[in-house]
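One structure is given here, and the rest of the page talks about it.
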Amino acid sequence: MWRWALSGNCPKWNDDSKSVLTVSLPFNFTKLIDMREILYIQAGQLSNYVGAHFWNTQEAYLADDDNDYISHETSFREGTSKEGNCYTPRVLVFDKKENFGSAAKTHSSLPQSTGVDEHDGLNANLWNGNVLEYRQDAISSSASPLDTETPDNEPTIRHWPDFSRVYYHPRSFQMIPDVYDFEGTDGSWQSGERRFEQYNEDVSLMEDSVRLFLEESDSLQGIQVLNDTSTFGPFIHTFLTLCRDEMTKMPCIGFPFLSDTMSWNPDIEDKRAIRRILNDALYLRGESELVSLAVPVRSPSAWATSAHPPTKSNSLYHASAVMSAHIETATLGLRLRHATDDISDFANQLNARGASTPYAEISGLIPGNSLSFGSIFNYSHSETLEVSSIVCTDRLRPLTRYCQAAGRHTVYAQRDVTRGFGLSHITAYNRWSQMLSVHDTQTIRKHAPAYPIPASLCNTFNADSTDRTTKLLSLLSCSSGTATIFKHYAEFVDTTLKRRRDILSSNDERDDMRELANDLWTIHDNICSTEGQVDGDAVDEQEDDD
């Protein structure tokens, strides 16, 4: 198969002269191809932990003088800072004020002035009466704990900015006061929608921060979203609805992190858990109209205890690092220099069942020095009760053994990305791929350099602390197994309507839930149906770039 490469600064590992056709192009056209900007959205504690790891990885690429395969302009914007010119992420970060820690002081690219004296409070002329003052200790500003980390010295993490290595533009920080969640409200979907509408009205989010990021982009390829559905589901749903209204054809890829509810049969008195599952279902249903591709991810608290890596899986810092590594690797093709893929092409290849079911799964493996590919886990499935090796009756097991799952489900489309594989690993990977060969499958495979990691994560990634890189395999796929997610949510909504009617406050809400259940079953049936399957033989587009 012929592949096209631009003359000049081509990735140096792409040196197979027999399969590369070099074409000279004008410099300005090459620059335009390299831009292809992405606007990133992060919302919620888990998403911002994952996002912080993601941006640390992008910073590692930026600081590596030998890195000539990543287009930094895709994710970063160039501007000025208090230290001179710098690159800052093109991202909007939504979270509770308390979860930003001291980020506004330590991680802002520009000095910020509040116009209020730090110690004297408001101008005394505004009030002549008595003042009752409460003071809270300021969050201390300290250097990143990653500066002195070692594999045996895990950094102390209070908030996600504590391990962030990048500066952000001030408009990236979207600190939400009294954020919508299940502890301060009744957990209704409508409460979250109103929260966004109020916030947008207060800070002119769409007119200021969003518009400015879009206007400074030369050739925007789309939006990438990470969000927690339990705290920011309806908030981001409303945000994406406004984006879709303003930019009808804007491609968008979303990674919703589902709630941490551990059972499909929560206690009947646990209204909070029931609401979380219902809101997960509402958010996933809405993705069918708002995004080009949605890849749901189970919460780390619901991961199987046998998940890889087995250590420290209960640590948000370590679990989010694993998830970030797989998301960063799976979407690497969107940020490659001179890449031909963009978010629209990316989504179209995986949307094998048609635009009405834009859903996929994410799986991954951190092989270390092992040549075994038998323990690839699926981070999207909601249960694995049919998989005998990890059967459990009292909690969800979303990390499915990929080989066994692939034998039970029809794979319609798949994208594999390997990182740092040598000849022996690629040989083992090719044998493993042949075992999973399925008719009517569109498969794209890419091989890329190793994944960079900080010293504190070397043990988590089975990596050598001196090299600070790791081998990685990440997969995005669309299969009949994707329908399992919607099957469980549809069954839960049906059960709620029959047995837990007190959760639903009105007849209108009950009608909405009936419509939700019908829509979920429709999505399930569309994914499983034989209509719209890819015709012809399997398409195996392999790019050996290592």
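All of the numbers you see were taken from the coordinates with simple rules; none came from a lab. These figures come from a predicted structure and were not determined experimentally. Note that each Cβ is placed from the backbone with ideal geometry, even for glycine, and that neighbours are counted across all protein chains shown.
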**Report entry** Potential lengthening between residue 271 and residue 428 on full extension [0.36 nm per residue; Cα-Cα distance subtracted]
**Finding:** 51.7 nm
Query raised in the report: Between residue 459 and residue 345, what is the FRET efficiency for a Förster distance of 45 Å, r being their Cβ-Cβ separation, to the nearest 0.05?
Result: 0.75
Report task. State the extension gain, in nm to one decimal, for the chain segment bounded by residue 499 and residue 245, taking 0.36 nm per residue of separation less the distance between their alpha-carbons. Result -> 87.7 nm
Query raised in the report: Under a plain spin-label model, where a point goes 7 Å from the Cα along Cα-to-Cβ, how far apart in nm are residue 435 and residue 62?
Result: 4.1 nm
Report summary line: Pseudo-spin-label distance residue 316 to residue 201, built 7 Å along Cα→Cβ, given in nm, is 3.1 nm
Query - Using θ = phi - 60° and Karplus 6.51 cos²θ - 1.76 cosθ + 1.60, couplings along the range 515-525 (whole Hz; Gly, Pro as x) - result: 5, 4, 4, 4, 5, 5, 5, 5, 4, 4, 5
